[in-house]
1. At q = 0.08, 0.10, 0.16 Å⁻¹, what base-10 log of I(q)/I(0) does the Debye formula yield for the chain when every alpha carbon is treated as an equal point scatterer in vacuo?
2. Which value does Rg/Rh take for the range 148-204 over its C-alpha atoms, Rh per Kirkwood?
3. May I ask you to sort 134, 81, 21 by Cβ crowding, counting other Cβ atoms within 10 Å and putting the fewest first?
4. What is the spread of the Cα atoms of the range 1-41 along each of their three principal axes, largest first, in whole Å?
5. Quick one: length gained pulling residue 27 to residue 189 fully straight, 0.36 nm per residue minus the C-alpha distance?
6. If one computes the Cα centroid of the range 27-82 and of the range 110-165, what distance in Å separates the two points?
7. Helix-only mean residue ellipticity at 222 nm, the chain, DSSP H runs n ≥ 4 weighted -39,500 (n - 2.57), per residue, nearest 500. What is it?
8. Which residue fluctuates most in the GNM of the chain (Cα springs below 10 Å): 190, 126, 35?
Ligand code: 13P
């Protein structure tokens with residue numbers, strides 16, 4: 001049996017107002033009562049974080065932001081610091097999501113700065129990696145994944161150690177929001193590769209403990225097959241995390 005507690009994380013992206021966010025998190029808090037053995041996390045937009053934290057109350061739902069800047073404070077118009085996220089109630093932060101990489105031109109260098117800053121500030125980073133369709137079709141998947149791991153985790157590779165609390169998320173870009181999920185075999189193949197890379201780069205203990213999530217069109221009807229794979233430790237869910245029924249369906253995989 002895996003020593004890793006599965007994590008089901010909802011990335012709400014740029015959706016839901018404060019009222020809707022509070023209603024959703026309250027429904028999830030109600031829904032997970034009596035369910036054990038799975039961690040649950042939500043990542044609302046910045047403006048809804050504090051209200052969602054208040055609504056979470058005593059529930060064990062974890063709170064994440066979807067991005068942050070690496071600096072502590074200063075003249076960075078439009079940016080949000082790690083300390084601000086902690087202040088709003090976050091324990092986690094999603095970094096390097098493919099939408100940040102592709103639409104906002106983030107790269108492994110800046111993602112590494114964010115990962116380092118999150119970790120040093122006391123936030124747990126959820127670091128996203130994944131290949132595009134053309135990269136997959138060209139047979140470059142393993143190179144792309146290896147380079148993203150090396151680049152976005154450079155702070156840890158230079159330290160020679162990575163805390164086992166760091167969470168990785170494999171999200172093939174071609175499976176995000178497309179309804180075209182990776183098959184369990186496709187996801188497992190890459191997630192095994194990621195875990196092997198962690199073992200070679202750090203050590204076996206770390207690779208045994210680090211949670212690797214799968215993301216990309218996860219729905220209640222495909223969650224259990226994905227979660228049955230030995231190297232899939234949870235899901236990073238977009239669209240299906242916006243409705244209590246579908247998100248709860250995934251949590252109950
Ligand atoms: P979908 O579940 O909507 O495909 O989104 C996945 C994702 O990007 C989660 O971060």
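1. Values returned for q = 0.08, 0.10, 0.16 Å⁻¹ are -0.27, -0.44, -1.21.
2. Radius of gyration over Kirkwood radius for the range 148-204 works out to 1.03.
3. So the residues, fewest neighbours to most, are 134, 81, 21.
4. The Cα atoms of the range 1-41 stretch 40, 23, 7 Å along the principal axes, largest first.
5. My answer for the length gained is 54.8 nm.
6. Centre-to-centre distance over Cα atoms comes out at 21 Å.
7. Taking each H run of at least 4 residues, the total per residue is -12500 deg cm²/dmol.
8. 35
Every number in this text was worked out from the coordinates using simple rules, so none of it is lab data. All values reported here derive from a predicted model rather than from experimental measurement. In this analysis, Cβ positions are derived from the backbone assuming ideal geometry, glycine residues included, and neighbour counts consider all displayed protein chains.
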